[in-house]
Amino acid sequence: MSATVVTIALAFVGYLATYLNSVRLTQRQERLLRVNRQLSDFYGPLFALTETNTRIFNTFMERTSTRPDGRSPFAVGGESPTDEELAEWRLWVTTVFLPNIRAMRDIVVTKADLLAESQVPPVLLELSVHVSGYEIVVAKWASGDHTQHLSSVPFPAEELARYARQAFIRLKEEQGSLLGRRRRHSNVQPDNDGVRWRRLDARPSDISI
């Protein structure tokens, strides 16, 4: 009788351990799927766009640094740009900068469910308002009104770049950790008795626009 009870108890413990392990693996897989989506659909594109936009703006500033003092007319504290320089600015805004920041805004608006936070961070709200401001400015340019050349809300360049970079790196690290755990589990198979487990191949192992 006691032997039967022990056998049943061991079988139950084995079943419970298998069930709990299955739950953990399922939760980890679901987390990995979400992290993959966050990287591919939100933070990956956002990070790439912020880095690209910064480099393009730096290129623009270098190309327009044609004054005797070597400064760009669009540098903070410099003399006001000429009509020709403003025309160049409008060209870059309409063909490069606005499409880039609009793409960033669209990621936030259409993929908000992939945010790492429970609420939209202020820096992303500032980005959205900044883009809307430029859309109004560009619409005025299209109608021949060139009295305004900047969005009413500054571009949060440094804060946005830092946010996108840190979130991307953090998620890549988590993705690597989850993939590592999954690989370790995939290298484990049951012995012939289906209870004990063994490893198959374990080894040691900044700027405003």
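The values are calculated or read from the model by the stated rules, or taken from the named source; none is laboratory data. Computed from a predicted structure; not experimentally measured. As a convention, Cβ positions derive from the backbone with ideal geometry for all residues, glycine included, and neighbour counts pool all protein chains shown. For the accessible areas, the whole protein counts, side chains as well, though only heavy atoms, and no ligand, DNA or RNA atoms are used. Shrake-Rupley method; radii C 1.70, N 1.55, O 1.52, S 1.80 Å.
Can you tell me which residues in region 27-66 are over 23 Å from the mean Cα position of the chain (by Cα) and assigned to a helix (DSSP H, G or I)?
Listed by number, the residues that qualify are Thr59, Phe60, Met61, Glu62, Arg63.
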Which members of region 152-162 meet the condition of being of a type in the set (A, V, I, L, M) and either within 21 Å of the chain's Cα centre (by Cα) or exposed (fewer than 14 other Cβ atoms within 10 Å of the Cβ) (or both)? Ala157, Leu160, Ala161
How many residues are acidic (Asp, Glu) and assigned to a helix (DSSP H, G or I) when one looks only at region 67-88? 4
Exclusive hit being open to solvent by less than 40 Å² (accessible area, probe 1.4 Å) and assigned to a helix (DSSP H, G or I), set Leu91, Leu98: Leu98
Can you name every residue in region 106-151 that is open to solvent by 80 Å² or more (accessible area, probe 1.4 Å) and assigned to a helix (DSSP H, G or I)? Val109, Thr110, Asp113, Pro122, Leu125, Glu126, Ile136, Ala142
Sole exception among (1) in contact with a Ser or Thr (Cβ under 9 Å, 6 or more places away or on another chain); (2) modelled with pLDDT under 95; (3) surrounded by 14 or more Cβ atoms within 10 Å (Cβ to Cβ) for Leu32, by number: (1)
When Val6 is evaluated against the numbered criteria (1) of a type in the set (Val, Ile, Thr); (2) modelled with pLDDT of 75 or more; (3) in a helix (DSSP H, G or I), which criterion, by number, is the only one it fails? (2)
Does Thr110 satisfy the criteria of being of a type outside the set (Gly, Ala, Ser), more than 22 Å from Arg31 (Cα to Cα) and out of contact with any Cys (no Cβ under 6 Å at 6 or more places or on another chain)? no
The lone condition Arg24 fails out of (1) part of a helix (DSSP H, G or I); (2) modelled with pLDDT of 75 or more; (3) of a type in the set (Lys, Arg) is (2)
